[in-house]
Amino acid sequence: MKRYLSTKNTYTVAILWALVLSMLFLLIIGLKKEQVSILPIILLSMVIGLIVWTLLDTRYVIKQHFLLYRSGPFRGRIDIEKIKKITYFSGLYVPVTMKPALDTKGFIITYNTTEDVYVSPIKSDLFLSELLKINPNIEIIPN
């Protein structure tokens, strides 16, 4: 089993931590006031928890012939034998729905003919070589 953490774009991480800190500030203000209902406090706490969980737990695991990804509560599994191509990608707008990544530079993995996922492992060369050991038919497309 091989584990790879996600790379982290400095601006993305700074924006997310600033958002968490500002929400914590609002939460503290809300708790100090006596007439704030409990629902906004619970919702704000849940959003803070979701963002922090995503920041601290975004990774990829190659286990047997599966690629497992997780980003906070969002998780998935890809059969490496079904990966068709891996495309290098760099940019703010990633043209896929599932993006368990914290960086703007990474890979778009296409599998099962039409499904895509965007990942950004720290040791990208090692990550690709491990995938290619399991499925040497993966087409690598440079950006």
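The values are calculated or read from the model by the stated rules, or taken from the named source; none is laboratory data. What you are looking at is a predicted structure, and each value in this text was computed from that prediction instead of being measured. Note that we place each Cβ from the backbone using ideal geometry, even for glycine, and neighbour counts take in every protein chain shown. Side chains are part of the model used for accessible areas, which takes the heavy atoms of the whole protein and leaves out ligands, DNA and RNA. Shrake-Rupley method; radii C 1.70, N 1.55, O 1.52, S 1.80 Å.
Rolling a 1.4 Å probe over the heavy atoms of the protein chains gives segment 1-81 an accessible area of 67 Å² per residue.
A run of the chain free of exposed loop cleavage sites, with trypsin sites (Lys or Arg not before Pro) counted only in DSSP states other than H, G, I, E and B and at most 16 other beta carbons within 10 Å, reaches its longest extent at 34-122. Among VAL94, VAL47, VAL20, the largest mean-square fluctuation in a Gaussian network model of the chain, built with springs joining Cα atoms closer than 10 Å, belongs to VAL47. Spread over its residues, the convex hull of the C-alpha atoms of segment 77-143 is 83 Å³ per residue. When all alpha carbon pairs of segment 66-108 are counted in 10 Å bins from zero, the resulting P(r) reads 24, 54, 21 %. Of LEU31, LEU56, LEU44, the residue with the greatest mean-square motion in the GNM of the chain, using alpha carbon springs below 10 Å, is LEU31.
Using the reciprocal of the averaged 1/r over all distinct C-alpha pairs, how large is the Kirkwood radius of the chain in Å?
Mean inverse Cα-Cα distance, inverted, gives 16.6 Å.
Of the residues PRO40, PRO73, PRO100, the one that moves most in a GNM of the chain with alpha-carbon contacts below 10 Å is PRO40.
State the percentage of accessible surface on segment 16-143 attributable to carbon and sulfur atoms; use a 1.4 Å probe and exclude ligands, DNA and RNA.
Of the solvent-accessible surface of segment 16-143, carbon and sulfur hold 62 percent.
Subtracting the Cα-Cα distance of TYR93 and LEU68 from their residue separation scaled by 0.36 nm leaves 6.7 nm. Net charge dipole, the chain: roughly 240 debye, given to the nearest 20, about the Cα centre with Cβ charges of +1 for Lys and Arg and -1 for Asp and Glu.
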